[in-house]
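Shown next, in structure tokens, is the structure this report addresses.
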There are 2 protein chains.
Amino acid sequence: MHREENGVGSDGFFAADRRRLMETALGKQAPDLVVENASLFNVYTGEIRRNSSIAVSSRRIACVGGKGDFPPGPETRVVDADHQTVIPGLIDGHTHLAWLATPCEFLGYAARGGTTTIVTETMEMYPAGGLEGVIEFLAALENQPVKILATAPAMASISRNALGISDSDLQQLLAREDIIGLGEAYWQTVLQNPDIFLAAYERTAEAKKSIEGHSAGARGRKLAAYTALGISSCHEPINRDQVLERLRNGIYTMAREGGVRSDLSEIAAITEQKVDLRRLCLVSDGITPEDLVSNGYMETILQKAIDQGFDPKDAVRMVTLNVAENFGLSGHIGGIAPGRYADMVIIPDMKNIQPSLVISSGRVIAENGVLSVPPRQHRWRPQARTSVHLPARVRASDFDVLLDRDNDHPPDNGRARVNVRVLELITDLVTKERVVAMDKKGKVLSRDRENDVLKVSAVDRRLSPGSLFSGFIKGFNLKKGAFAATGAWDTSNIVVVGENDRDMAFAVNRIKDLQGGVVVCSDETILAELPLPLFGLFSEDSIEAVAEKRKKINRTVRELGAVSADPLLTLTTLTGAAIPYLRICEQGLVDVKTGGFLSFEYGRL
Amino acid sequence: MHREENGVGSDGFFAADRRRLMETALGKQAPDLVVENASLFNVYTGEIRRNSSIAVSSRRIACVGGKGDFPPGPETRVVDADHQTVIPGLIDGHTHLAWLATPCEFLGYAARGGTTTIVTETMEMYPAGGLEGVIEFLAALENQPVKILATAPAMASISRNALGISDSDLQQLLAREDIIGLGEAYWQTVLQNPDIFLAAYERTAEAKKSIEGHSAGARGRKLAAYTALGISSCHEPINRDQVLERLRNGIYTMAREGGVRSDLSEIAAITEQKVDLRRLCLVSDGITPEDLVSNGYMETILQKAIDQGFDPKDAVRMVTLNVAENFGLSGHIGGIAPGRYADMVIIPDMKNIQPSLVISSGRVIAENGVLSVPPRQHRWRPQARTSVHLPARVRASDFDVLLDRDNDHPPDNGRARVNVRVLELITDLVTKERVVAMDKKGKVLSRDRENDVLKVSAVDRRLSPGSLFSGFIKGFNLKKGAFAATGAWDTSNIVVVGENDRDMAFAVNRIKDLQGGVVVCSDETILAELPLPLFGLFSEDSIEAVAEKRKKINRTVRELGAVSADPLLTLTTLTGAAIPYLRICEQGLVDVKTGGFLSFEYGRL
């Protein structure tokens, strides 16, 4: 494997390469590639310069000049931009590649649209596969048609088993060139656990890498407290005011338009403020396979920004220079100038992001929407296929919700009832605590199906294998069967929601057999499934097949009664530390606001 | 010594400090200092926000809020900005502190005007004192009222003895937190010696520190070739077009207004171009003691930029955020936002840079032009006082200019003459080669006083002690005596110009006795001198006394006939690799364009 194919930063700074660049610029060597007749957008000055030529050698830009400045040699590839606009390769500064489709499948679609650098989280991989898993994932990202960089997992988790990254693991990762920062850690978790996160922040600052932030909903003093710890960015603002406050705090503010949320239409109002946007970026924060296959990637998001009213020059910088600057990589990516990677996209004009040709690290990788350099398929090590470490098969009775004591709750009017904290979905993602009086038999609490009070369980598959916690959920609205998945956010949990315990056990055991995946079942029959045999995170199918299976799963769960627009997203976020207010993991119910565990019996802590 | 007092970067990133910052922002601890009633200039958004308050703790900014947001505790210092404008502390992103006045003396004037961070070269110190000298210099910069950061010496030198920095010395320096980059290396020298400089550039990139540039006069392909090697900045453009070309190349472009050159009035035309100025900076590149004492420092330069037509918001960012970004330090300096050092300046309004109060790292260091925190006097180690290692006293005959052979030059019309390359000053700094027919006696060539052809010699004092080369100079116009100095640029040379050899020897020997300094003499009598006993670079006098002595030296040399406006600058630059075209060092005459040595006999190489 040639690390340098993917490298950005010091590893990509070989003296021999730089010497060739110098000699190409001086005209002593012919360029490997020349782009001619370009209307070049200069991100640094904001100018568009007609009749530009760009000389490339050794994967980087050697020189930018005028018409005819770079006579081709016999080996030089000449690209005629035909007086169309040339912009730098697009950068997705924050996404999550470790979910569903493999990087190779993802890139089959993503790379054709002009995205030449992707920065991905590794937070899904660390709980699922540990340091070795992260390293394997990074190996799958290497040597691709575009540059994929990653952040080390910060691991804000409601589970104490998954909380934080070990110092030695972090040091090993920070020493790598492809790790360019520390990933997102939710502000509330950070402020609740400053010892854990400040240690990681200090290590990251020592390594001169960026500390990515996640300040969803924070404002005023809380946002300042979090920012003061040294965080560089936030990709969570959902409207103009939140963007403005982050920009004022000196944060690289990432407007998000992707699979989890689409905030651009609200955020676009920032253009009326006439403030400097040099620290505003545009990211996907993850995109579903369906969306990618149907709609494309960063080129589509950039187009939306322009359509929503951003000045095209600002918008292009939001996915190029500004992002590069956030990561301290503007000497390498984000602009078309000497020494930068030769990442360029030809588009009709600044208002129409329809890439006709994409150059990545000096190679033409796509023309007219067709990828000419295929993504590399990674050969996963056998260990990747063993990630569900349940010690035994799960039984229906494992999902019993038991009171600590029986006699605390005397019968009332003939019914033995107890006040229970229920996790109520008030949107597809946000929950709140709801107190519900529920029937009990002895120490056992039962579902209240009539009132849509179902069971939800988190079963740990790796960090404390077999640990299991069950509680109640309202608002999911499953009328039959069970729905289970690996990839539960911020944990190594399988999360399962069920109308009955037998189906819950069936679904979890099926996931054990598959060694990861998503299962919908009823009457102990599989209705839909998506095997994720690699770390419980990746399918081995094509991205089109993954998209179809994901659609089918969501359709099936909705046919069983679920009301969420994206039930799989709703399910997997139930363990997430970032979303208010009540969450569940293998250790219990957690109040996200305080980070503290709550008993499911209301009135007890 | 408390390193943290001066530190910027990871060393200043102590978890305990950050925790206090967080708690201050959250209101759990009272701030150490609060600035109230500020019209705050936000460098990130370009807004000015009235009635702002800023809470400071642990040397950094905890939170920025509105009126009354930060109730003071019993220990809190409250600064009432009285509705004046508050801007970030100014940064000089490129200067040369290792010359004439000690850092302590320099800061006595420089710190009062609002400059809170200074980035200095160490290139003068390395040839004069080696790695130990640089380390001693860095020690003198520590723990001052303002932050002084430095670049490692890159050592573009015409002398092979002084060319380049050893890899082990560079690594030691790059490991230090106060070394934030590699200093300037002139583009011609770099392109002539790519092996030497690419190795240093690679080390610097590995350390994730900036590579400062010096592309004086370069354009087109040559500028691109140099930029492609990874350089980050250039402080050498002298007009609008040079600025524009550098900005287009993605270079942080530093407009210079200081002791060596004042380019602002030419450069200000860039404001008519309506290009983005986010990569334009404003630096001094060194300032004379006279100028500092009389006119001030960065506050004066900033005022000039505004007076020359720069939008005040752009101009302030040219000495704050833009400079911080060049060095990857914008999380620490250059803006008023949480987590940044509390460096703030109160001025009447954005058009009037008259600082009434200066806060540096959370301390009020100056009020109404009076410094309230005195700079720290460094105790120099005894070794600092031994830097002129001439093995013996110099004799007049050591300055003989000898032809290799006598018989090449038969007498012509009774006079034995030979064509000689003479270093002709065509401005106070720029020289060119001039070929002059000169008389010889045997192998000895003599001055042609009538035609102002005098002798110039470079005598090495450290790297090859006692090595000496003599040639001829025209345009200095000394009618009597000799003028000698340590601190000859880019070398460990003493440089001396003389009307006669005895005075040249006298001046050099006087410098040996002083262990460094500047001497003007005639008839073996000292007319003016400025002892520089510390490394041959620093006086122990007050900066006012240094300014007076420097003025007297220049006046005296001009009384002896010299025509330069600043003869000391003219003298010390004669060894400099950066200034065209013909230069001299202890190894011979050098053609700066090629880097090659030239015989003083024209027609020989």
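The values are calculated or read from the model by the stated rules, or taken from the named source; none is laboratory data. These numbers were taken from a predicted model, which means no experiment stands behind them. Note that each Cβ is placed from the backbone with ideal geometry, even for glycine, and that neighbours are counted across all protein chains shown. Remember, those area values only see protein heavy atoms, side chains included, never the ligands or the DNA or RNA. Shrake-Rupley method; radii C 1.70, N 1.55, O 1.52, S 1.80 Å.
Figures for the structure shown
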item	result
Carbon + sulfur, % of accessible area of chain B - ligands and nucleic acids excluded, 1.4 Å	46 percent
Cα→Cβ-extended label distance, 7 Å offset, between B:TYR581 and B:GLN171, nm	4.3 nm
Span per principal axis, largest first, for the Cα atoms of the range A:139-191 (Å)	38, 20, 16
Value of relative contact order over the range A:33-124, rounded to a whole percent, pairs C-alpha under 8 Å and six or more apart	28 percent
The range B:162-191 versus the range B:211-281: alpha-carbon centroid distance in Å	21 Å
B:ASP523/B:ARG381 FRET efficiency (R0 41 Å; Cβ-Cβ; nearest 0.05)	0.65
Rounded FRET efficiency, nearest 0.05, which uses the C-beta distance separating A:ASP404 from A:ARG449 and R0 of 25 Å	0.50
Ratio of Rg to Rh over chain A (Cα coordinates, Kirkwood Rh, two decimals)	1.01
√(5λ) per eigenvalue of the Cα gyration tensor, the range B:540-593, largest first, Å	27, 14, 9
Percent of Cα-Cα distances greater than 19 Å, calculated over the range A:425-532	44 percent
Heavy-atom accessible area per residue - the range B:311-453, 1.4 Å, Å²	45 Å²
Beta bridges by DSSP in the range A:1-144, antiparallel share as percent, to the nearest 5	50 percent
Efficiency of FRET between A:LYS351 and B:HIS83 - r from beta-carbon atoms, R0 56 angstrom, step 0.05	0.80
Bridge type composition, the protein assembly as shown - antiparallel percent by DSSP, nearest 5	70 percent
Contact surface B-A: accessible area buried, both sides summed, square angstrom, 1.4 angstrom probe	5300 Å²
P(r), alpha carbons of the range B:96-205 - 10 Å bins starting at zero, rounded %	14, 47, 28, 10, 0
Dimensions (Å) - the range A:31-163, Cα atoms, principal axes, largest first	62, 33, 23
Packing-based ranking, highest mean first, of B:53-64, A:95-106 given that Cβ atoms within 10 Å are counted	B:53-64, A:95-106
Hull-based mean projected area of the range A:315-362, where the convex hull spans the alpha carbons, in square nanometres	3.3 nm²
Other copies of A:VAL563: label-to-label distances in nm, shortest first, labels 7 Å along the beta-carbon direction	9.3
Dipole axis of the protein assembly as shown (+1 Lys, Arg; -1 Asp, Glu on Cβ), positive-most option in B:CYS521, A:GLY442, B:HIS96	A:GLY442
Reciprocal mean inverse distance between Cα atoms of the range B:48-89 - Kirkwood radius, Å	11.3 Å
Per-residue SASA entry for B:ASP541, accessible area with 1.4 Å probe, Å² rounded to 10	50 Å²
Minimum 20 Å² accessible area buried by the other protein chains, the range B:332-351 residues, probe 1.4 Å, relative to alone	B:PRO338, B:ARG340
Expected 222 nm ellipticity per residue - DSSP helices of 4 or more, -39500 (n - 2.57), all of chain A, to 500	-7000 deg cm²/dmol
Protein-protein interface of the range B:186-209, residues with accessible area decrease of at least 10 Å², isolated chain reference, 1.4 Å probe	B:LEU191, B:PRO194, B:ASP195, B:LEU198, B:GLU202, B:ALA205, B:GLU206, B:LYS208, B:LYS209
Normalised alpha carbon radius of gyration of the range B:285-384 [divisor 2.2 N^0.38 Å]	1.22
Nonlocal amide H pairs with B:ALA255, under 5 Å, H built at 1.01 Å	B:CYS281, B:LEU282, B:VAL283
Compactness of the range A:223-348 as Cα Rg over 2.2 N^0.38 Å, two decimals	1.05
For the range A:201-212, 3J(HN,Hα) per residue [Karplus equation, 6.51 cos²θ - 1.76 cosθ + 1.60, θ = phi - 60°, Hz, x = Gly/Pro]	5, 5, 4, 5, 5, 4, 7, 6, 10, 7, 10, 6
Separation between Cα centres of the range A:353-397 and the range B:526-605, rounded to whole Å	63 Å
Cβ neighbours within 10 Å from other chains - mean over A:15-27	6
Rounded accessible area per residue of the range A:138-185, 1.4 Å, Å²	21 Å²
Cα→Cβ-extended label distance, 7 Å offset, between B:SER372 and B:SER397, nm	6.7 nm
Cα-Cα over 21 Å, subset of A:LYS274/B:LYS67; A:LYS147/A:LYS304; A:LYS67/A:LYS313; B:LYS455/B:LYS480	A:LYS274/B:LYS67; A:LYS147/A:LYS304; A:LYS67/A:LYS313
Compactness index (Cα Rg / 2.2 N^0.38 Å), the range B:488-568	1.04
Cα convex hull volume per residue for the range A:157-267 (Å³)	109 Å³
Shielding score for B:51-61, defined as the mean number of other chain Cβ atoms within 10 Å	1
Given charges at beta-carbon only (K, R positive; D, E negative), |dipole| of the protein assembly as shown in Debye	200 debye
Dipole of the range A:314-412, positive direction: furthest Cα of A:VAL388, A:VAL323, A:VAL370, with charges on the beta-carbon	A:VAL370
Relative contact order %, chain B, counting alpha carbon pairs below 8 Å whose residues are six or more apart	15 percent
Nearest beta-carbon to the A/B symmetry axis - residue in chain A, distance in Å	A:LYS208, 2
Convex hull volume per residue in cubic angstrom - Cα atoms of the protein assembly as shown	171 Å³
Distances in nm from B:GLU450 to the matching label points in the other copies, shortest first (labels 7 Å along Cα to Cβ)	12.6
With all protein chains modelled, accessible area of A:LEU371 [1.4 Å, Å²]	40 Å²
Cα centroid separation, the range B:46-92 to the range B:432-465 (Å)	62 Å
P(r) tail fraction, the range B:283-326 - alpha-carbon pairs more than 16 Å apart, %	40 percent
Calculated label separations, B:GLY466, copies of the chain, 7 Å along the beta-carbon direction, nm	8.5
